[in-house]
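Structure first, then comments.
The values are calculated or read from the model by the stated rules, or taken from the named source; none is laboratory data. Note that the coordinates shown come from a computational prediction; the quantities given were computed from them, not determined experimentally. Cβ atoms come from the backbone with ideal geometry, glycine included; neighbour counts cover every protein chain shown. Accessible surface areas use protein heavy atoms only, side chains included; no ligands, DNA or RNA. Shrake-Rupley method; radii C 1.70, N 1.55, O 1.52, S 1.80 Å.
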Amino acid sequence: MEQFLKEYMKHIDMEGDYTSEYIPCEICGDESNTVVRDVISIGRGAFGKLPVVTCNTCGFLYQNPRFNKEFYEDYYARHYRDVIFGNTVPSPEFIEDQIKRGELLFESINSYLPDSGAILDVGSSVGGMLKTFMKHGWEALGTDPDIGFVDYGKEKLDLPVIAVGAEEMELEDNKYDLIIIMGSLEHVYDPNKTLELCRKAAKPDSLLLLEGRGHPQSATKTYFNQNHHRYFTLNSIELMMIKHGWQPFMTTDDSICGPTRPGGIYSMGRLGAVPTDEEFLKVIRSGKRESPETVLTKFEELDRKWSET
């Protein structure tokens, strides 16, 4: 393991026999990339080396190298909330915000939905976003690896949430009319495995809604951080959908869940056929990509902007 990864583990008080590796692009599979930033936020007001790269073929932004699966399972199950919030129990403000975001989401997308159905929330935390859908007669399930927050949602709020990693979900086939992944696909270990499971559990013609942290709200040194293993743009969030057979029909940076997560982007797609590898690469080659030069220029300009404010 690289020395800078060992230093990072020490900083967040993680101990264990973990490994790491350099990975190809999670969207197109290209192994060539360009480093965008080496030093990023590693929590608790500190900065350290944890490189973020952009794929040379499609422009996807992601951390590289990456720890093994066991590291992230342990981190998100036991350390994540403590590192971010300083505790492992959700605050009343957090719960209130989740419920309100669910209300606003339902209002925003209701015109696309059937009168009732089944909803799956991947990365649901305590499950507060499901409450409004349940009030309208929807069957619901939330999944999240954070044991403490899931237990709170089940025991204190009586919500249908289970503690499980996204890649280990055991879901009924052909069940869900709507699947939402609200800011969580950036955190999972394997987004492709996650979306494969979601596709298997989705009904024909079902809807998928993804939320990403797409517009930086700070200079890159703090925008890029330890907890986000990938960073979606309006282009790459659609590419990830298309790869797994959902055809995007609404991609926006309007705050469809309210103002408490500034900089968010959203894409909703309807389930169709999964493209072949060649068909998918053809989509990218036809121009649905961002070049390394474009990506680097964007963040250099953003850094100049934030340095002037």
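Quick notes
- Filtering segment 160-186 to residues that are of a type in the set (Val, Ile, Thr) and open to solvent by 40 Å² or more (accessible area, probe 1.4 Å) leaves only Ile162.
- Looking across segment 202-242, the residues that are surrounded by fewer than 23 Cβ atoms within 10 Å (Cβ to Cβ) and touching a helix residue (DSSP H, G or I) at 6+ places or on another chain (Cβ under 6 Å) come down to Pro216, Ala219, Thr220.
- Of the helices (runs of 4 or more DSSP H) lying entirely inside segment 91-162, those containing at least 2 residues that are in contact with a helix residue (DSSP H, G or I) (Cβ under 9 Å, 6 or more places away or on another chain) and modelled with pLDDT under 95 are 147-157.
- Test: residue in segment 272-293 that is among the β-branched types (Val, Ile, Thr), at pLDDT 95 or above, farther than 26 Å from Asn33 by Cβ and exposed (fewer than 14 other Cβ atoms within 10 Å of the Cβ): no
- Test: residue in segment 131-153 that is among the basic types (Lys, Arg) and touching a residue at least 60 places away in the same chain (Cβ under 8 Å): no
- Residue check, Val36 surrounded by 15 or more Cβ atoms within 10 Å (Cβ to Cβ), within 18 Å of the chain's Cα centre (by Cα), of a type outside the set (S, T, N, Q) and over 30 Å from Val89 (Cβ atoms): no
- Filter result for Cys198 (in a helix (DSSP H, G or I) and open to solvent by less than 70 Å² (accessible area, probe 1.4 Å)): yes
- Residue-level check: of (1) open to solvent by 40 Å² or more (accessible area, probe 1.4 Å); (2) among the aromatic types (Phe, Trp, Tyr); (3) touching an Asp or Glu at 6+ places or on another chain (Cβ under 9 Å), Trp138 misses just (1).
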